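I have placed the structure first, in the form of structure tokens, so that the comments after it can refer back to it.
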Amino acid sequence: MNITWRLAWRNLWRHWRRTWLTVGAMVFCNMLLIFLISVQLGSYQMMIDNSLGAFTGHLQLQHEGFDEEQRIRQSMPAVAERARQVQELLGAEAVAARGIAYALASSEERSFGIQVTGVEPEREPRVSTLPGLLREGRYLSGADGEIVVGALLARNLRVAPGDEITILGSGRDGSFAAAIATVVGIVDSGIPDLDRALAQVSLPWFQTVFSMGDHGHSVVVRLPNLEQVPLAVTTLQALRAEHPELVVLDWDQLQPGLRQAIRSDMASAWVMYGVLILLVAFSVLNTQLMSVLERTREFGVMLALGVSPGRLARLVGLETALLAALGLGLGVLLGALLALYLQQAGFTFPGMEEMNARFNLPERIYPPVTLASLLWGPLTVFLGALLAAVYPALRLFGLQPVAAMRAT
Amino acid sequence: MHWPLGSLLTLAWRNLWRNYRRTLIMLLAIALGVWAMIVMSALMRGMTDQMVRNGLATLPGEAQIHHPEFLLDPSVVNHMPMPAGRLLEQLNSAPITAWAARLRVPAVLASEYASRGVTLLGVDPAQEDALGSLPETLLEGRMLAGADDRGILLGAGLAARLETGLGKRIVLMTQDTANNVADRGVRIVGIYRARLQGDEERFAYVGRGALQELLGLEQRVTEIAVSASDYTAVDAWLPALQAAASPELEVLGWTELHTFLGSMLAVQEGFVLVFMVVVFLVLSFGLINTLVMAVFERTRELGLMQALGMRPALILLQVLLESLLLLALGLLAGNSLALATLLPLRDGVDISAVAEGMEMMEMGTTLYPLLALDDMLMSTAVVLTLGLLASLLPAWRASRLDPVRALARH
């Protein structure tokens, strides 16, 4: 082993209490960061998956302006064919066509304004998790006159499977649209906004009731992961050559709040992490500065013996690096154990349930252990510790051997 | 027993500055920690405060009175009489500052092009004004003139979706108590802009009297919203209101009406404390380190003091005093720094870049940090209590030195 390494290692253990306390500060901070970052990244991932998976999908093909204005006339012709075309272009399995209209729904006792969605019953379960969240009854079979409603809407309308709902609205051509549908299933997603508004019927029947012909309002695509979205958007732009009135919207355009909520949360979280990391850096600075100051005489002797100040600075840098590496290693090790435990056992705190429902999160979070969540925090702490050694190391260059040897 | 506090204090103070660099770095660390504790909690508190305020402006009020079935079944069927007698007396007495009796019913609005489901509010503008629950910004036209105004006030977002505008007529459809569809053409007299876009599309306002007439519900309402202008002090007047209301009515405070806001506030209170303790824990390693080293350097000196007859208890006290001085100075610096940061931000921090994300949390586009004396006191308490606790170990070790061995050290 190189002499500088040996010196550095031994110097580190001259004051073993101080060294362990400094390492302890780093280990504690690293574990804390791993815990916070994995919960944070885990909940973002779930927030995106749950929000998009419930209804929106990763991208949609729509008539220009429909996303903003949601007018029934902003429709695209031959929507089912268009969906098959998208499916072929992307080679994706999860593609479905939808139609959307607003209407007054009346049961025997109650009336509410609702949004009726026409879906393809055999394809909808591939793009949306809602059909899988049935609390009662069954999903649409494709037959005319069937409707699936959200749990809160069912409660507000006072209906159960088997009951009838009258739908009143206006069709695409402005004509009067009226129909009677039988409730076949009730969906309970746990997301109040969805459960209050959800009403799905089969697309062909929807097109009949609302005089849509073969028109629909959107083609919804769900991809295996977020990374594939940009490429899919580019691929679908090809469709616009033939149909210039269509637009391709990705999840960020469909749900602009989502990315911003994540961004603002991320910003405030990093301020907090920054403070923790700075505090640890101060701890390291203190330790290294003290260890340099108390060795002034020793360094004076070394300088007098011909060791260059640069080499002394390297020695101090190496000591800090060893110290920081210890904190990094132990911190990541213990932090990984903690993260693995959380991945299995989940994480919750009192009050989290209500707050999470707001962001489409389950009541317990099982943060996945990823390389990013394990290393992001600790590596920043490591860098912070190295930077903290700069000042003590620089002091060595101003040292005068004779004066230093006489220092008390 | 004699406690020479004065000289101990002098000793502690001088010891603190023997190694001024170490003390300064530690002071900086404590100040930064305290600064972070106060500034972060002020930002969090400001955020929650605004969420609660916005939530209560939409709710509206800090308490509401309903027919007991209304919350589960928000239908016009569950109506109740206008307040009278003891309830009216209670509503008009301090500390209640405003109340409004309203009809809240689901309805469908249809223009010639489109229709949308909305929550229709039949209001008395004078009462709502006092409550501050009417939209703040009027884009076009006028507000409702009185409870008998036969026009409708729409949000700009809803008007766009209905492809309609000021002065146009739209059809209002709702359900009367016999579950018949009651409809009437109404003229749009005003277009408003809400703080949150969602509200703009959800709420439409009509005159209470006009709606009562349409539904055949003379002098009946579905909701009474009550405010005393301070959401933290609801418990002080809610019981009296509950006692004054007839037993057939349900009187609930906002924490029960809007459970998300209630739990949000509770979580935030807890989180502030957790954050402070966590910051302190990271800080405490440095603090213990500083004290351990300070004691270590003075082993001989401490041994000599003991050999000369200084009691261990006084040595313990001296080290604790040193730690206390350090913490107090750090607190002073941290608090001043936090004040200096927060005062210029009093008028709000612009967060419109993430406005739509904030809307998910019922926030506007400006964040007003809220500096609470409680938070400053809490951070001081956390730092002093935990700080002294952490100093106990090095102080105890200093007091248990064997004088002979300590003196023999170099």
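Any residue in segment B:96-118 that is of a type in the set (Phe, Trp, Tyr), farther than 26 Å from residue B:182 by Cα and away from every other protein chain (no Cβ under 14 Å)?
Just the residues of segment B:96-118 that are of a type in the set (Phe, Trp, Tyr), to begin with: B:99, B:113.
In the following step, the residues that additionally are farther than 26 Å from residue B:182 by Cα were identified as B:99.
Imposing the further condition that a residue be away from every other protein chain (no Cβ under 14 Å) reduces the set to B:99.
Scanning segment B:96-118 turns up at least one residue that is of a type in the set (Phe, Trp, Tyr), farther than 26 Å from residue B:182 by Cα and away from every other protein chain (no Cβ under 14 Å).
Tell me, which residue of segment A:60-70 that is touching a helix residue (DSSP H, G or I) at 6+ places or on another chain (Cβ under 9 Å) and surrounded by fewer than 20 Cβ atoms within 10 Å (Cβ to Cβ) is farthest from the other protein chains (Cβ to nearest Cβ)?
Result: A:67.
Considering each residue of segment A:376-408, count those that are assigned to a loop (DSSP other than H, G, I, E, B) and more than 45 Å from the chain's Cα centre (by Cα), and give that number. Can you show your working first?
Our first condition is that a residue be assigned to a loop (DSSP other than H, G, I, E, B); within segment A:376-408, this holds for A:389, A:399-400, A:407-408.
Checking the rest, the ones that are also more than 45 Å from the chain's Cα centre (by Cα) come to A:399-400, A:407-408.
Of the residues in segment A:376-408, 4 are assigned to a loop (DSSP other than H, G, I, E, B) and more than 45 Å from the chain's Cα centre (by Cα).
Condition first: more than 14 Å from chain B (Cβ to nearest Cβ), surrounded by fewer than 17 Cβ atoms within 10 Å (Cβ to Cβ) and at positive phi. Can you find one or more residues in segment A:51-59 that meet it?
Among the residues of segment A:51-59, not one is more than 14 Å from chain B (Cβ to nearest Cβ), surrounded by fewer than 17 Cβ atoms within 10 Å (Cβ to Cβ) and at positive phi, which makes the answer no.
Which residue out of A:236, A:198 is of a type in the set (A, V, I, L, M) and assigned by TED's automatic domain parsing to the domain that holds residue A:88?
A:198
Output yes when any residue across segment A:236-252 is within 14 Å of chain B (Cβ to nearest Cβ) and closer than 30 Å to residue B:350 by Cβ, and no when none is. Walk me through how you get there before you give the answer.
Residues of segment A:236-252 within 14 Å of chain B (Cβ to nearest Cβ): A:251-252.
Okay, now just the ones that are also closer than 30 Å to residue B:350 by Cβ, so A:251-252.
Yes - at least one qualifying residue is present in segment A:236-252.
Out of (1) on the phi > 0 side of the Ramachandran plot; (2) within 14 Å of chain B (Cβ to nearest Cβ), what's the single condition that is false for residue A:259?
For residue A:259, the failing item is (1).
Restrict the check to segment B:75-93 and report whether at least one residue is at pLDDT below 85, over 30 Å from residue B:284 (Cα atoms), surrounded by fewer than 22 Cβ atoms within 10 Å (Cβ to Cβ) and within 14 Å of another protein chain (Cβ to nearest Cβ).
Checked segment B:75-93: no residue is at pLDDT below 85, over 30 Å from residue B:284 (Cα atoms), surrounded by fewer than 22 Cβ atoms within 10 Å (Cβ to Cβ) and within 14 Å of another protein chain (Cβ to nearest Cβ).
Look at residue A:73 and say whether it is over 30 Å from residue A:374 (Cβ atoms) and without any contact (Cβ under 8 Å) to a residue 24 or more places away in the chain. Give the steps one after another, and end with the answer.
Details: over 30 Å from residue A:374 (Cβ atoms): yes; without any contact (Cβ under 8 Å) to a residue 24 or more places away in the chain: no.
Taking the combined requirement at face value, the residue does not satisfy it.
On the basis of being in a helix (DSSP H, G or I) and either within 13 Å of another protein chain (Cβ to nearest Cβ) or buried (at least 16 other Cβ atoms within 10 Å of the Cβ) (or both), does residue B:310 make the cut? Step through it out loud before you land on a result.
On the way: in a helix (DSSP H, G or I): no; either within 13 Å of another protein chain (Cβ to nearest Cβ) or buried (at least 16 other Cβ atoms within 10 Å of the Cβ) (or both): yes.
No.
Name the residue, out of A:232, A:197, A:241, that is within 19 Å of residue A:61 (Cβ to Cβ), at pLDDT below 90 and either surrounded by fewer than 15 Cβ atoms within 10 Å (Cβ to Cβ) or among the small types (Gly, Ala, Ser) (or both).
Details: A:232 fails: at pLDDT below 90; A:197 fails: within 19 Å of residue A:61 (Cβ to Cβ).
None of the others qualify; the one that does is A:241.
Among (1) closer than 30 Å to residue B:178 by Cα; (2) away from chain A (no Cβ under 14 Å), which single condition is residue B:62 missing?
So residue B:62 meets the others, but not (1).
Determine the pairs where a residue that is assigned by TED's automatic domain parsing to the domain that holds residue B:92, located within segment B:112-141, has a partner that is in a loop (DSSP other than H, G, I, E, B) and basic (Lys, Arg) with Cβ atoms under 6 Å apart, the partner being 6 or more residues away or on another chain.
Qualifying pairs under 6 Å: B:114/A:71.
Taking the conditions exactly as written (under 25 Å from residue A:21 (Cβ atoms), at pLDDT below 90 and either in the same structural domain as residue B:35 (by TED's automatic domain parsing) or among the aromatic types (Phe, Trp, Tyr) (or both)), does residue B:295 satisfy them or not? Write out each step before concluding.
On the way: under 25 Å from residue A:21 (Cβ atoms): yes; at pLDDT below 90: yes; either in the same structural domain as residue B:35 (by TED's automatic domain parsing) or among the aromatic types (Phe, Trp, Tyr) (or both): yes.
Criteria met by residue B:295.
Only residues that are among the charged types (D, E, K, R) and closer than 26 Å to residue B:96 by Cβ: list them for segment B:109-132, please. Don't jump to the end; show me each part of the working.
Going residue by residue through segment B:109-132, those that are among the charged types (D, E, K, R) are B:112, B:116, B:124, B:128-129.
Scanning segment B:109-132 gives B:124, B:128, B:129.
Return yes or no: is residue A:18 of a type in the set (D, E, K, R) and surrounded by fewer than 18 Cβ atoms within 10 Å (Cβ to Cβ)?
Details: of a type in the set (D, E, K, R): yes; surrounded by fewer than 18 Cβ atoms within 10 Å (Cβ to Cβ): no.
In short, no.
Which one is surrounded by the fewest Cβ atoms within 10 Å (Cβ to Cβ) among residues in segment B:252-265 that are more than 7 Å from chain A (Cβ to nearest Cβ) and not aliphatic (A, V, I, L, M)?
First, the residues of segment B:252-265 that are more than 7 Å from chain A (Cβ to nearest Cβ): B:252-258, B:261-262, B:265.
Still in the list and also not aliphatic (A, V, I, L, M): B:253-256, B:258, B:262.
Working: B:253: 21, B:254: 23, B:255: 19, B:256: 13, B:258: 20, B:262: 18.
Looking at the filtered set, the residue picked out is B:256.
Among the residues of segment A:344-352, are any modelled with pLDDT of 90 or more, in contact with a helix residue (DSSP H, G or I) (Cβ under 9 Å, 6 or more places away or on another chain) and at negative phi? Break it down into steps so the answer makes sense when it comes.
Quick first cut of segment A:344-352, residues modelled with pLDDT of 90 or more only: none.
Checking segment A:344-352: not a single residue is modelled with pLDDT of 90 or more, in contact with a helix residue (DSSP H, G or I) (Cβ under 9 Å, 6 or more places away or on another chain) and at negative phi.
Which residue, of A:80, A:25, is more than 14 Å from chain B (Cβ to nearest Cβ) and either surrounded by 20 or more Cβ atoms within 10 Å (Cβ to Cβ) or under 30 Å from residue A:248 (Cβ atoms) (or both)? Steps first, answer last, please.
On the way: A:25 fails: more than 14 Å from chain B (Cβ to nearest Cβ).
Criteria check complete, one pass: A:80.
Given the structure, is residue A:102 of a type in the set (Ser, Thr, Tyr), farther than 13 Å from residue A:200 by Cβ and assigned by TED's automatic domain parsing to the domain that holds residue A:197? Quick ask: steps written out before the conclusion?
On the way: of a type in the set (Ser, Thr, Tyr): yes; farther than 13 Å from residue A:200 by Cβ: yes; assigned by TED's automatic domain parsing to the domain that holds residue A:197: yes.
For residue A:102, the condition - of a type in the set (Ser, Thr, Tyr), farther than 13 Å from residue A:200 by Cβ and assigned by TED's automatic domain parsing to the domain that holds residue A:197 - is met.
Just wondering, is there one or more residues in segment B:266-288 that are of a type outside the set (Lys, Arg), buried (at least 22 other Cβ atoms within 10 Å of the Cβ) and more than 14 Å from chain A (Cβ to nearest Cβ)?
So far as segment B:266-288 goes, no, none of its residues is of a type outside the set (Lys, Arg), buried (at least 22 other Cβ atoms within 10 Å of the Cβ) and more than 14 Å from chain A (Cβ to nearest Cβ).
The values are calculated or read from the model by the stated rules, or taken from the named source; none is laboratory data. Please read all numbers here as calculations on a predicted model, not as lab measurements. Here the Cβ is made from the backbone with ideal geometry for all residues, glycine too, and neighbour counts use every protein chain on show.
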